[in-house]
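S.K.: If you scroll down you'll find the structure; I have some questions about it.
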Amino acid sequence: MPELPEVEVSRLGLEPAICGRRIADAVFRTPALRHPLPPALATRVLGLRVDALLRRGKYLLFDCESSAGGGWLIIHLGMSGSLRLVAPGTPPARHDHVDIAFGSTVMRLRDPRRFGAVLWHEGPEVGTHPLLQPLGIEPLSAEFDGDWLYAALRRRHGPVKPVLMDSHLIVGIGNIYAAESLFRAGIAPQRAADRISAARCATLAIAIRDTLAEAVAAGGSSVRDYLHSDGGAGCFQLTHAVYDRTGEPCRQCATPIRQLRQGGRSSFYCPHCQH
């Protein structure tokens with residue numbers, strides 16, 4: 001957390017405020033998050049214009065005149081990070097670690113657990129960055145469908161839920177949206193990935209796309225520290241069917257929601273609706 005919908009909501013909120021504008025200042029209040037902050041980055045980005053703001057999986061990619069001698073600012077929100085737009089001169093709070101100023105507005109990174117990242121990639125080809133190169137397919141892309149998913153799962157023998165969360169296969173599907181997508185598709189999280197039929201893979205691919213798209217439209221899920229760029233909260237958590245609802249009645253059949261551990265994470269499912 002944040003997962004793909006929360007990162008996409010952040011991108012949509014930041015894009016109109018910063019694209020086309022130049023970076024006037026950069027302030028780092030910590031030497032490192034998950035990775036060390038590049039020592040020269042605060043001066044390297046000064047004066048560069050943000051030409052576009054893209055997303056790859058859970059990474060936000062700021063195109064800082066990459067085709068004209070600049071590069072890419074890469075930001076990952078980790079497990080507790082958020083990017084907010086604040087007025088210049090707004091005093092930083094305890095966990096406000098990075099400010100990127102654009103004149104009349106400041107983009108501020110808050111990361112209480114410091115699992116996020118702020119990185120720099122020189123040149124126009126951001127996809128060659130070591131953290132981006134091994135990433136899998138985008139689940140909201142045209143290429144992601146039931147046929148692709150069936151072929152991919154045929155090569156995986158483990159339980160389907162951890163497989164869906166493997167960013168080398170599919171990017172951006174974290175614990176929340178894997179659980180919710182499997183519920184919509186009627187597939188138990190412990191079912192072997194290579195034992196899911198082509199027809200059920202088609203249903204699952206649609207469930208994944210619909211779940212993610214609806215979560216983006218709802219502003220994401222604010223279940224812990226996640227907030228929008230304007231400080232508001234998402235509301236998709238109000239419609240969660242199974243995630244974090246252990247013992248509560250299923251909204252389809254009233255059977256109590258169950259919980260199990262998979263790969264060190266909690267999985268939530270309805271034993272009646274999911275097989």
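S.K.: Could you list the trypsin sites (Lys or Arg not before Pro) in the stretch 44-126 that lie in coil according to DSSP, counting only those with at most 11 other Cβ atoms within 10 Å of their Cβ? List each step's numbers first, then the result.
M.R.: Details: sites: ARG44, ARG49, ARG55, ARG56, LYS58, ARG84, ARG94, ARG108, ARG110, ARG113, ARG114; in loops: LYS58, ARG94, ARG113, ARG114.
Hits after loop and neighbour filter: ARG94.
S.K.: Placing unit charges on C-beta atoms (Lys and Arg positive, Asp and Glu negative, everything else neutral), compute the dipole magnitude of the stretch 4-128 about its Cα centre in debye, rounded to 20.
M.R.: Details: 16 positive and 12 negative charges, 86 e Å.
The calculated dipole for the stretch 4-128 is roughly 420 debye.
S.K.: Farthest toward the dipole's positive end in the chain, which of THR246, ALA32, LEU164, given Cβ charges of +1 (Lys, Arg) and -1 (Asp, Glu) about the Cα centre?
M.R.: Final value for the positive-end residue is THR246.
S.K.: Counting GluC sites (Glu not before Pro) as exposed when in a DSSP loop with at most 14 other beta carbons within 10 Å, what is the longest stretch of the chain free of them? Mind showing how you got there, number by number?
M.R.: Numbers: sites that count: GLU125, GLU143.
Longest gap between qualifying sites, sites excluded: 144-275.
S.K.: Is there a quick way to get the dipole size of the chain? I mean about its Cα centre, with the Cβ of Lys and Arg at +1 and of Asp and Glu at -1; what is the value in debye to the nearest 20? Present the calculation step by step, with values, prior to reporting the outcome.
M.R.: On the way: 31 positive and 26 negative charges, 178 e Å.
Using only the charged Cβ atoms, the result is roughly 860 debye.
S.K.: Continuing with this model, one more query. From the backbone phi of the stretch 100-113, what are the Karplus-calculated ³J(HN,Hα) couplings (6.51 cos²θ - 1.76 cosθ + 1.60, θ = phi - 60°) in whole Hz, Gly and Pro given as x?
M.R.: These are the phi-based 3J(HN,Hα) values: 10, 9, 10, x, 8, 9, 10, 8, 10, 8, 10, 8, x, 9 Hz.
S.K.: Give the residue from LEU41, THR128, HIS76 lying farthest towards the positive end of the charge dipole for the stretch 4-128; charges sit on Cβ (+1 for Lys and Arg, -1 for Asp and Glu) and the dipole is referred to the Cα centre.
M.R.: It is HIS76.
S.K.: May I pose another question? Express the relative contact order of the chain as a whole percentage, based on alpha carbon pairs under 8 Å and six or more residues apart in sequence. Walk me through the intermediate numbers first.
M.R.: Details: 580 pairs, mean separation 50.4, N = 275.
Across the chain, relative contact order equals 18 percent.
S.K.: Per DSSP helix of 4 or more residues, -39500 (n - 2.57); summed, then divided by the residues of the chain. What does that give at 222 nm, rounded to the nearest 500? Each step should come with its number before you reach the end.
M.R.: Details: 6 runs with 63 residues, N = 275.
Calculated mean residue ellipticity at 222 nm is -7000 deg cm²/dmol.
S.K.: For the stretch 146-269, with the dipole built from +1 on Lys and Arg beta-carbon atoms and -1 on Asp and Glu ones, taken about the Cα centre, which of ALA218, ALA178, ALA192 lies farthest toward the positive end?
M.R.: Of the candidates, ALA192 comes out farthest on the positive side.
S.K.: How would you rank SER167, SER181, SER67, going from fewest to most other Cβ atoms within 10 Å of each one's own Cβ?
M.R.: Values: SER167 14, SER181 23, SER67 9.
Ordered from fewest to most neighbouring Cβ atoms within 10 Å, SER167, SER181, SER67 come out as SER67, SER167, SER181.
S.K.: Now, a different point. Under 5 Å between amide hydrogens, which residues at least 5 positions from MET79 or on another chain qualify, with H placed 1.01 Å from N in the peptide plane?
M.R.: PHE115, GLY116
Laboratory data are not the source of any read-out in this text; all were calculated from the coordinates shown. Since the model is a prediction, treat every value here as computed from it, not as a measurement. As a convention, Cβ positions derive from the backbone with ideal geometry for all residues, glycine included, and neighbour counts pool all protein chains shown.
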